Amino acid sequence: VPSTLTLPDGRTTTSAKETANALLQNFFPDDSPSRDGAQHKNIRNQVADTKPPDTQAVPDFLPQEMDEVIGKLHDKKCPGPDGIDGPIVKRIHRILPSWVTLMNKCLRLGCFPKAWKTARVIAIPKTDKSKHHTVHGYRGISLLPIIGKCLESLVVERLKSFLETTGLIPPQQFGFTAGRSTVDAIKKLSSRLQEVEP
């Protein structure tokens, strides 16, 4: 990324720090309620009025669940800001398989540590080279700590299992659902349209 880029208002950044801040603002714009339209205000109000569900205590993560999540880590994925990559986590787990204790503490406290939410953001140039002098010529990727991804995977697997066993996944849900894809969604839509056609 060049040290100076053109901003949407036509101004140009004057330092590497200002360029980095402009890219971050472009990748992660402020979520300010003052800029909400009517639909967004309605969504915010609905979320604010939502009460937590009255659910039973969640059982602890099992060591087998942790083994499975760590076993699925990709060895060539870039690490987050802590520099700890998949192979390091796997080696630590083999020597000291007590990650599950830490994960269960997070589960019981309902806490996702802030350090695991801190990302290393990298700007990747888009294919249109004519925009590489502007902030819109780049897309950002966030590299998060691997151990935070492990906790996220554990929680996601529990949620998926709960939704599948309780039948709470609607039949219209195709994304992020095992055994379903966008091809299935297109086939279902096509068959529905054929039924409607005269």
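Which value, in Å² rounded to 10, gives the accessible area of HIS40 with a 1.4 Å probe and all protein chains present?
Number for this one is 110 Å².
What FRET efficiency comes out for THR182 versus GLN39 if R0 is 30 angstrom and r is the Cβ-Cβ distance? Round to the nearest 0.05.
So the FRET efficiency works out to roughly 0.70.
Most mobile of LEU151, LEU163, LEU62 per a Gaussian network model of the chain (Cα springs, under 10 Å)?
LEU163
By Kyte-Doolittle mean hydropathy of at least 0.0 and Cα axial length of at least 20 Å, which whole DSSP H helices of the chain are selected?
Details: long enough: 146-166 (30 Å, 0.56); 182-196 (21 Å, -0.19).
Those that clear 20 Å and a mean of 0.0 are 146-166.
First check a/c for segment 97-181, with a ≥ b ≥ c the square roots of the eigenvalues of its C-alpha gyration tensor; if it is under 1.5, answer rounded, and if not, answer prolate when a/b is larger than b/c or oblate otherwise.
oblate
Could you work out [θ]222 nm for the chain from helices alone, using -39500 (n - 2.57) per DSSP H run of at least four and dividing by all its residues? Round to the nearest 500 deg cm²/dmol.
-14500 deg cm²/dmol
Given H placed on each backbone N at 1.01 Å, which residues far from VAL121 in sequence or on other chains put an amide H within less than 5 Å of it?
LEU143
How much length would be gained if the chain were fully extended between GLU68 and SER190, taking 0.36 nm per residue of separation minus their Cα-Cα distance, in nm to one decimal?
Full extension from GLU68 to SER190 adds 40.1 nm.
Please grab the % of Cα pairs in segment 59-131 that end up more than 16 Å from each other.
63
Just to confirm, what accessible area per residue do you get for segment 1-112 at 1.4 Å probe, in whole Å²?
75
As a quick test, which of the pairs LYS72/LYS160; LYS51/LYS114; LYS114/LYS149 have an alpha carbon distance above 22 angstrom in this structure?
Distance filter (> 22 Å) returns LYS51/LYS114.
Per-residue accessible area for PHE174 at 1.4 Å probe radius, Å² rounded to 10?
40
Report in % the part of the accessible area of the chain that belongs to carbon and sulfur, leaving out ligands and nucleic acids; probe 1.4 Å.
Roughly 59 percent of what the probe reaches on the chain is carbon or sulfur.
Is the chain rounded, prolate or oblate when judged by the Cα gyration tensor, a ≥ b ≥ c being the square roots of its eigenvalues, rounded requiring a/c under 1.5 and prolate requiring a/b larger than b/c?
Values: a/c = 1.66, a/b = 1.15, b/c = 1.45.
Oblate, because a/c is 1.5 or more while a/b does not exceed b/c.
So for the pair HIS132, ASP60, with labels modelled 7 Å out along Cα→Cβ, what separation do we get in nm?
Roughly 5.4 nm, to one decimal.
The values are calculated or read from the model by the stated rules, or taken from the named source; none is laboratory data. Nothing here was measured: the structure is a model prediction, and the numbers come from that model. Cβ atoms come from the backbone with ideal geometry, glycine included; neighbour counts cover every protein chain shown. Accessible surface areas use protein heavy atoms only, side chains included; no ligands, DNA or RNA. Shrake-Rupley method; radii C 1.70, N 1.55, O 1.52, S 1.80 Å.
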